[in-house]
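A short write-up of the structure that comes next.
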Amino acid sequence: MNEETMFKIISHNHANKLISLSGTYLEQNESENNLPIGLAYRLAEDPYYYTSELPLLLSILEQGRVVGVAVMTPPKKIILSKIDTDIQAAVVCLVDYLRGIDVRIPGIVGPAVEAQTFSDCWVEGRFGVSVKLNKRMRVFEARTVADLSLSPGEMRFAHTGDGLLMAQWIVGLSEDIGEPVRLDSAKRRFEKLIKDQELYVWDNEGPVSIAGVSRPMRNGTTIGLVYTPPEHRGKGYATSCVLSLTKKLLSDGYSFCSLYTDLSNPTSNSIYTKIGYVPIGDALELDFLAER
């Protein structure tokens, strides 16, 4: 049996079908797969939650057994799960499938080995296409939190009266991470976060820091959108906000919280470790660039 017949790509027309076939596989490494799992659950509720185009939802099978998943919400990057087999062989099959349906792939996000392998295969033989490393990341997980002293203030839900300030902070965060967004886009994101009650503020006589919840899964959820504006930094507000939010989510019944950190930012990595987060894997975000 050759590799072509060993592997099969199944395209799903609804996220519920991907979850039905591949959910159990993804949950074997739920924290490390938090991005594809969380996206699938969101897209099961609303296929257009992230973009105005229908998502690409792919299961990778080897002799009938699920060994990986790929999810993309065009025009964003493709998201790859951990792959539980010969990574090179599985990725070659996936790339052949994607080339066969002539889909534009602007980049890849996934576990470090899987993402690098996909990148190498995607650009092989494609003249005029180069790869840019956008970010080295680490996936962390917390099942308990440390007993730390908190900064002055308290955590609360963001509310509509915070709107303009929160939108400005979302713009500030997006600039910090090199993915700038317009103010109107930030306002729309804030409105979604408010509607879903997923944005929390550390308030010390006014907002001083934020953290958001995203992509809830069967057993855990993900924390992101952690931001403190420059004038409030160095006072422990982000640590207090993330610790309090993690503690709340665990007490609400989640088994764990996960998050991504940028390895180029040692401050955030040390903050999360202090709170009780432990590293469970590394990930890469790579861009594919067409040379002009």
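The values are calculated or read from the model by the stated rules, or taken from the named source; none is laboratory data. Note that this is a predicted model, so its numbers are computed, not measured. Here Cβ is always computed from backbone atoms with ideal geometry, including for glycine, and neighbour counts include all displayed protein chains. Accessible surface areas use protein heavy atoms only, side chains included; no ligands, DNA or RNA. Shrake-Rupley method; radii C 1.70, N 1.55, O 1.52, S 1.80 Å.
For the Cα atoms of the chain, what angle does the longest principal axis make with the long axis of helix 87-100, in degrees from 0 to 90, nearest 10?
The angle comes out at about 80 degrees.
Which order do the peptides 231-237, 155-161, 168-174 come out in when sorted by mean C-beta neighbours inside 10 angstrom, highest first? It would help to have the intermediate numbers written out before the result.
Numbers: 231-237: 15.4, 155-161: 13.4, 168-174: 18.9.
Going from most to least packed, we get 168-174, 231-237, 155-161.
Which percent of the accessible heavy-atom area of the chain goes to carbon and sulfur, probe 1.4 angstrom? Show your work: numbers first, answer last.
Numbers: 6990 of 14110 Å².
Carbon and sulfur together cover 50 percent of it.
Please give, to one decimal in nm, the separation of the simple spin-label points placed at L21 and R188, each 7 Å out from Cα toward the Cβ.
A separation of 3.1 nm, rounded to one decimal place.
How much length would be gained if the chain were fully extended between S52 and A112, taking 0.36 nm per residue of separation minus their Cα-Cα distance, in nm to one decimal? Working shown, then result.
Details: separation 60, 0.36 × 60 = 21.60 nm, distance 2.88 nm.
Full-extension gain reported as 18.7 nm.
Rank-order 27-38, 276-287 by packing density, defined as the average count of other C-beta atoms within 10 Å over each peptide's residues, highest first. All intermediate terms of the calculation are to be shown ahead of the outcome.
Working: 27-38: 21.8, 276-287: 18.3.
Ranked from most to least packed, the peptides come out as 27-38, 276-287.
Give the cross-link partners of K192 among the lysines, using a straight C-alpha distance below 30 Å as the criterion and excluding same-chain residues fewer than 8 apart.
By straight Cα distance, K192 reaches K17, K76, K77, K82, K135, K235, K247, K248.
Report, in whole Å, the centroid distance computed from the Cα atoms of region 74-101 and region 1-64.
Cα centroid to Cα centroid, the span is 11 Å.
Give the distance, in whole Å, between the Cα centre of region 146-187 and the Cα centre of region 190-222.
9 Å
Which order do R189, R182 take by accessible area at a 1.4 Å probe, largest first?
The residues order as R182, R189, largest area first.
Tally Lys/Arg at +1 and Asp/Glu at -1 over every other residue whose Cβ is under 9 Å from the Cβ of I177; what's the total? Display every interim value, and only then the final one.
Working: positive: K135; negative: E175, D176, E179, D262.
My count for the surroundings of I177 gives -3.
Select one label from (i) 1.04; (ii) 0.98; (iii) 0.93: the one whose number is Rg/Rh (Cα atoms, Kirkwood Rh) as derived from the coordinates shown.
So the calculated entry is the one marked (ii).
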